[in-house]
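The values are calculated or read from the model by the stated rules, or taken from the named source; none is laboratory data. Note that the structure is a prediction, hence the values are computed from the model and not measured. Here Cβ is always computed from backbone atoms with ideal geometry, including for glycine, and neighbour counts include all displayed protein chains.
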Amino acid sequence: MISTLTGTIRSISAERIVIEVGGVGYSAFVHSKTSSALTLGAQATVFTSLVVREDSLTLFAFISDETRNLFELVQTVSGIGPKVALSIMGALTGEDLARAISSDDVSALERVPGIGKKGAQRMILELKGKIHDFSESGSYKGHQPPWREQLTSALVSLGFSPKESDNAITEVVNSLREDQRDPAQVELSELLKFALASGKSSRG
């Protein structure tokens, strides 16, 4: 999975950038806050999320690892794909999003393009308790234990969407807890094997 790119910014628009790395230009979707923070012709490092589909490979780029992680997290909400997730990142800071989720502020979420009232209510329901660890500067520190982050990264690199990986991991956790096993004490390779089996069955 492409996680970061460091190179020269060759093209900038409100919705897309091209960054040249080793003579290859990578096109990535961005929101306006990201594009305004970059300079044409300058060296830059961007944090990327690769969305794999049967007929496409699409890159999304951000200027911080925290924003990229949050972008992937909101896609675990039912009905939210990468384009809507990108709109959320452009409209709200991580701190604003956390505040809206924790305070059940539907109106703040409704203002995001592509999110209606039902979508806002669903976000609050599904993200409650997952977005809460922010510093005063609004930097996203993390929403899940290290083993789950590593397992999510492994599944996404194998072609799972953030939502599919989240669903597969949840099934694994529930299964382990039925056997009174702590996921944190299980080897990552074993967790991955369980998650792949669970994901395969849910994909049909």
Item to check | Options Glu190, Glu171; residue that is closer than 26 Å to Ala85 by Cβ and surrounded by 11 or more Cβ atoms within 10 Å (Cβ to Cβ) | outcome: Glu171
Checklist entry - Inside the range 177-187, can you point out the residues that are exposed (fewer than 10 other Cβ atoms within 10 Å of the Cβ) and within 25 Å of the chain's Cα centre (by Cα)? => result Glu187
Next on the checklist: What's the number of the only condition in (1) surrounded by 14 or more Cβ atoms within 10 Å (Cβ to Cβ); (2) closer than 22 Å to Leu158 by Cα that Glu54 fails to meet?
Outcome noted: (1)
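Taking the conditions exactly as written (hydrophobic (A, V, I, L, M, F, W, C) and either modelled with pLDDT under 90 or touching an Asp or Glu at 6+ places or on another chain (Cβ under 7 Å) (or both)), does Ala85 satisfy them or not? Break it down stepwise before answering.
Numbers: hydrophobic (A, V, I, L, M, F, W, C): yes; either modelled with pLDDT under 90 or touching an Asp or Glu at 6+ places or on another chain (Cβ under 7 Å) (or both): no.
No.
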Next on the checklist: What's the total number of residues in the range 107-127 that are exposed (fewer than 15 other Cβ atoms within 10 Å of the Cβ), part of a loop (DSSP other than H, G, I, E, B) and among the hydrophobic types (A, V, I, L, M, F, W, C)?
Outcome noted: 0
